[in-house]
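Chemist: Following this message is one structure expressed as structure tokens.
The values are calculated or read from the model by the stated rules, or taken from the named source; none is laboratory data. Quick caveat, the model's predicted, so the values are computed rather than measured. Glycine gets a Cβ as well: all are built from the backbone with ideal geometry, and neighbour counts include every protein chain shown. Please note that ligands, DNA and RNA were not included when accessible areas were found on the heavy atoms of the full protein model with its side chains. Shrake-Rupley method; radii C 1.70, N 1.55, O 1.52, S 1.80 Å.
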Amino acid sequence: MAKKPQLSDADKAAFKEAMKGVKPLTHTKVSTTTQIPTLSSKRHSKPHLEENAAILFPFSDYETLTPVGSDDLIEFFRVGIQHKVLRKMHTGQYTIEARLDLHGMIVAEAREALGQFIIKCSNKGIRHVLIIHGKGRAHSDPVLKNKLNHWLRQTNDVLAFCSAKSKEGGTGALYVLLRGQRP
């Protein structure tokens with residue numbers, strides 16, 4: 001760790017003289033007005049982002065998590081997420097703003113669809129989504145459920161996720177809380 005340079009008395013006096021009459025800022029938050037882009041927007045950067053979802057979200061397939069079964073509940077949340085938010089997610093109290101159905105897709109298709117879905121939702125300011133992955137086959141662990149459990153943890157755009165209520169897919173779907181609009 002670098003040490004702070006020692007300031008001479010002359011430097012300190014010069015700084016005090018330069019700062020004479022300056023008022024400190026009264027607040028540190030800056031308010032900006034932003035326009036929420038739509039999917040039909042003709043901006044050059046947004047379609048480029050969506051086309052390159054695999055570059056923005058290079059989801060790794062190297063899994064270190066214990067595989068989960070089709071009836072297992074899963075959850076994840078980042079540090080700082082309030083318990084009230086998690087409780088509302090678990091009970092399905094948030095309005096689902098968008099849905100992604102990966103049921104029946106192969107892994108490569110699901111990876112690409114997930115990346116594009118996250119980008120589109122972030123661009124539109126969508127925060128509460130439902131991702132349907134299915135429960136898999138009876139004779140083995142559910143592939144997409146385990147991939148999602150791993151992939152969603154890899155992107156900072158996902159703040160939390162948990163298994164959905166039975167009326168919206170149960171252990172075959174996830175409620176996901178996204179960070180919000182991209183800058």
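Chemist: Identify all residues within region 105-129 that are touching a Gly at 6+ places or on another chain (Cβ under 7 Å) and free of Cβ contacts under 8 Å to residues at least 60 places away in the same chain; write none if there are none.
Modeler: Arg127
Chemist: Somewhere in region 170-179, is a residue out of contact with any strand residue (DSSP E or B) (no Cβ under 6 Å at 6 or more places or on another chain) and hydroxyl-bearing (Ser, Thr, Tyr)?
Modeler: No.
Chemist: Could you count how many residues in region 160-170 are open to solvent by 20 Å² or more (accessible area, probe 1.4 Å) and touching a residue at least 40 places away in the same chain (Cβ under 8 Å)?
Modeler: 3
Chemist: With the requirement that a residue be hydrophobic (A, V, I, L, M, F, W, C) and open to solvent by less than 30 Å² (accessible area, probe 1.4 Å), what does region 91-105 give you?
Modeler: Ala98, Leu100, Leu102
Chemist: Next question. Is it the case that Gly136 is surrounded by 16 or more Cβ atoms within 10 Å (Cβ to Cβ), out of contact with any strand residue (DSSP E or B) (no Cβ under 9 Å at 6 or more places or on another chain) and small (Gly, Ala, Ser)?
Modeler: Here the answer is yes, as Gly136 does meet what is asked.
Chemist: Oh, and also: How many residues are surrounded by 12 or more Cβ atoms within 10 Å (Cβ to Cβ) and either aromatic (Phe, Trp, Tyr) or assigned to a loop (DSSP other than H, G, I, E, B) (or both) when one looks only at region 76-90?
Modeler: Counting residues in region 76-90 that are surrounded by 12 or more Cβ atoms within 10 Å (Cβ to Cβ) and either aromatic (Phe, Trp, Tyr) or assigned to a loop (DSSP other than H, G, I, E, B) (or both) gives 4.
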